[in-house]
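The values are calculated or read from the model by the stated rules, or taken from the named source; none is laboratory data. Note that this is a predicted model, so its numbers are computed, not measured. Cβ atoms come from the backbone with ideal geometry, glycine included; neighbour counts cover every protein chain shown. These area figures cover heavy atoms from the full protein model, side chains too; ligands, DNA and RNA do not enter into them. Shrake-Rupley method; radii C 1.70, N 1.55, O 1.52, S 1.80 Å.
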Amino acid sequence: SSSHANAPGDNYGCKGSVQNEDHRIQEVHHTQLYRTYVRCRDEIISGSRAINLEAALALAALQCQVQRGDYDEHSGIPLQLKYYFPPSLLVNTPHTNNDDDNGWIRSLENDLCIEHKKLAGISEINAMYRYVQLCSSRHTYGFTFFHTKECVKGQKKLVPKMLGISRDFIVRVDSALMMKFEHVYPIQKLRRWAASPHSFTMDFGEYADDDGYVTVSTVEGEDMSRLMAGYIDIILKKQKYSAFDSTLSN
């Protein structure tokens, strides 16, 4: 029996089985990575995840590496920036130094090419991994963002903003800078909310200024309401289960 255990054929079969299993695991890993990459990419491009210009350029360059491979100035394939950047970064803003939108677009294209060149030699899988890693490391990770407008002192017109919702917090962010949260509210402090076709109102009680009410102008109120309702439902269920466990322990 010992000679059978050491038979070359058996060892070969075992090695082949392990190699096949490793290959299957690798395929599953790559599939999961690709799905996560696509989800992150779509969130960035749609503008549902707040992001500043520096990070947007880094992510767009990684996306170019994934889709186009190494930078090739002779490829002749034009870049359509709307497939690489969120809409808020494709228009000239007071925070840029360009005099017109066309000049801003040309500057953005040039900066993207420079960043893409730096990624020469990086594989598609590695570029996807870096993309996901960069998205996950940002302070906006886990938030879903919605386009809004708010009244700001000293401004005659409504100012573009973004409102972000996560399972723990609701935040208001400058839509042009995307650098920091201007206002942060724990979602558990939210008493009630109301959506209308052109506005969204939240009641935080004593936790917020202006008598606890925060109102923003938006056409995405229904989507915001559904997302909040989902998170609040999870919180209530956790509290219910926690109370039930306490009762059992007593």
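For this structure, a couple of remarks:
- Of the residues examined, Asp70 is one that is surrounded by fewer than 17 Cβ atoms within 10 Å (Cβ to Cβ) and part of a loop (DSSP other than H, G, I, E, B).
Yes or no, residue by residue, for (1) assigned to a helix (DSSP H, G or I); (2) modelled with pLDDT of 90 or more:
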position: His116; (1), (2): yes, yes
position: Gly121; (1), (2): no, yes
position: His147; (1), (2): no, no
position: Lys153; (1), (2): no, no
position: Leu177; (1), (2): no, no
position: Trp193; (1), (2): no, yes
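- Every residue from the range 99-146 that is in contact with a Gly (Cβ under 7 Å, 6 or more places away or on another chain) and either among the aromatic types (Phe, Trp, Tyr) or open to solvent by 70 Å² or more (accessible area, probe 1.4 Å) (or both): Phe143, Phe145
- Screening the range 201-228 for residues that are open to solvent by less than 50 Å² (accessible area, probe 1.4 Å) and modelled with pLDDT under 85 and picking the one that is farthest from Val171 (Cα to Cα) gives Gly212.
- So Gly154, is it touching a residue at least 24 places away in the same chain (Cβ under 8 Å), exposed (fewer than 12 other Cβ atoms within 10 Å of the Cβ) and not charged (D, E, K, R): no
- Verdict on Met202 being touching a Leu at 6+ places or on another chain (Cβ under 8 Å), in contact (Cβ under 8 Å) with a residue 12 or more places away in the chain and more than 30 Å from Asp70 (Cβ to Cβ): yes
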